[in-house]
Amino acid sequence: MNKDFLDIPNKMRAIEIKDFGNPENLKLCVRPTPQVINNQVLIKVLYAGVNRPDILQRQGNYKVPEDASDLPGLEVSGIVVDNNSSNLKFNIGDKVCALCHGGGYAEYVAVDQDHCMPLPKGYSMEEAACIPETFITVWSNLFMRGKLQKNEKVLIHGGASGIGTTAVQLANNFGAEVFATAGSDEKCQAVEKIGAIKCFNYKTKEFESEINRLTNKQGVDVILDMVAGPYISRNLKCLSVNGRLVIIAVQGGIKDEVNFANIMIKRQTITGSTLRPQPSTKKAEYVNSLVKNAWEYLEKGKIRPIIQKEFLLSDASDAHKALEKGDHVGKFIMKVS
């Protein structure tokens with residue numbers, strides 16, 4: 001396909017953060033279309049995923065790397081319309097989904113080609129927009145950092161969230177015994193339908209007591225935690241000998257008091273990560289590992305993103321409000337172009 005035929009405009013619509021604070025501070029604007037530099041492709045964005053780091057950035061609580069776009073948006077699906085690489089992996093006209101270094105809330109985004117993935121067979125562009133940030137976060141933390149293995153037991157907090165529903169499905173398909181938490185009985189039922197043995201309503205149950213009861217006090221081998229704060233000490237109460245606690249967000253706070261003697265006795269590991277600040281080469285490693293190890297489950301239809309609702313780009317503030325409200329199961333996405 002001739003890229004001149006695609007008629008790339010000099011300007012594009014995008015969503016910018018006018019001031020840190022409320023969702024209403026997300027404003028539709030016109031920006032210059034990004035220019036591709038070394039090893040990048042330009043993607044005409046069709047859909048963009050909406051994630052909690054976007055909310056944190058809007059609030060002023062998520063530092064944007066100096067080399068990143070100031071526009072929010074960490075994952076997209078779309079069509080490659082330009083490239084700048086001597087070793088092309090994607091041709092103009094290819095449909096891709098991509099992990100963005102910011103800038104996804106826009107009609108065009110420039111992305112390192114090594115952070116792009118082909119659409120899984122049978123996936124829509126809407127579904128593909130749910131993959132990059134979410135699946136890579138889960139894969140890199142639960143499987144690469146947390147080293148979850150077949151027949152191990154895992155506890156996934158926030159099981160009804162985009163991250164949670166992805167983690168439950170991946171862990172289940174890789175042969176782990178999955179437990180989860182969610183904030184209502186209805187959410188718990190939805191999480192159990194996609195692969196959790198048991199999902200606990202954290203508003204009415206003490207998950208650590210329930211886990212120990214169901215595992216004969218052996219606990220779980222891995223915990224994926226996006227709460228932190230007071231959950232840390234509670235997690236450790238139901239984490240097994242040689243267990244791994246992986247922290248990927250701190251929605252409950254950044255501090256807790258723990259007994260280090262117990263950690264030593266049980267030989268437990270506490271670790272965690274954030275994705276965006278990591279080097280480009282490390283992100284490429286995650287992308288390659290995800291495609292190599294998990295793509296077959298997506299293409300066989302065993303794992304599919306759950307989309308709660310689709311918004312227009314111009315309604316980005318409403319998308320953020322919906323995500324903050326927390327009544328959803330799965331992901332919110334935005335139709336861009």
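What follows draws every value from the coordinates through simple rules; no lab data is involved. A quick note: this is a predicted structure, and the numbers were derived from the prediction, not measured. Glycine gets a Cβ as well: all are built from the backbone with ideal geometry, and neighbour counts include every protein chain shown.
For the chain, a Gaussian network of Cα nodes joined below 10 Å ranks 87, 173, 141 by mean-square fluctuation, and the top entry is 87.
Report the extension gain between residue 62 and residue 217 in nm, rounded to one decimal, defined as 0.36 nm multiplied by the number of residues separating them, less their alpha carbon distance.
Working: separation 155, 0.36 × 155 = 55.80 nm, distance 3.80 nm.
Computed gain between residue 62 and residue 217 is 52.0 nm.
Rg and Dmax over the alpha-carbon atoms of the range 247-288 stand at 14.7, 38 Å.
Listed peptides 314-320, 96-102 appear in the order 96-102, 314-320 once ranked by packing, highest mean of other Cβ atoms within 10 Å at the front. Charged side chains reduced to their Cβ positions (Lys and Arg at +1, Asp and Glu at -1) give the chain a dipole of some 840 debye around its Cα centre. Between 12, 207, 265, whose Cα lies farthest towards the positive end of the dipole of the chain when Lys and Arg beta carbons carry +1 and Asp and Glu beta carbons carry -1, centred on the Cα centre? Towards the positive end, the residue furthest out is 265. The alpha carbon centroids of the range 182-261 and the range 107-177 are separated by 19 Å.
Ranking of 309, 255 by neighbouring Cβ atoms within 10 Å, starting from the fewest: 255, 309.
Using the Cα gyration tensor of the range 135-272, with a ≥ b ≥ c the square roots of its eigenvalues, what is the shape: rounded (a/c below 1.5), prolate (a/b larger than b/c) or oblate (neither)?
Numbers: a/c = 1.34, a/b = 1.24, b/c = 1.09.
Here the range 135-272 falls in the rounded category.
Couplings 3J(HN,Hα) of the range 32-40, computed from phi: x, 5, x, 9, 6, 10, 3, 6, 9 Hz, in residue order, whole Hz [Karplus 6.51 cos²θ - 1.76 cosθ + 1.60, θ = phi - 60°; x for Gly and Pro].
Is the C-alpha gyration tensor of the range 255-320 telling us rounded, prolate or oblate? Criteria: a/c under 1.5 is rounded; beyond that, a/b larger than b/c is prolate, otherwise oblate. Walk me through the numbers on the way to the answer.
Working: a/c = 2.06, a/b = 1.51, b/c = 1.36.
Judged from the Cα gyration tensor, the range 255-320 comes out prolate (a/c at least 1.5, a/b above b/c).
Relative contact order of the chain, taken over Cα pairs closer than 8 Å and 6 or more residues apart, is 18 percent.
What is the range 163-212 by shape, rounded, prolate or oblate, if you read a ≥ b ≥ c off the alpha carbon gyration tensor as root eigenvalues and call it rounded for a/c under 1.5, prolate for a/b larger than b/c, and oblate otherwise? Numbers along the way, then the final one.
Working: a/c = 2.35, a/b = 1.45, b/c = 1.62.
Oblate is the answer for the range 163-212, as a/c is 1.5 or above yet b/c matches or exceeds a/b.
Taking the chain, the Cys residues with no second Cys beta-carbon under 4.7 angstrom are 29, 97, 100, 116, 130, 238.
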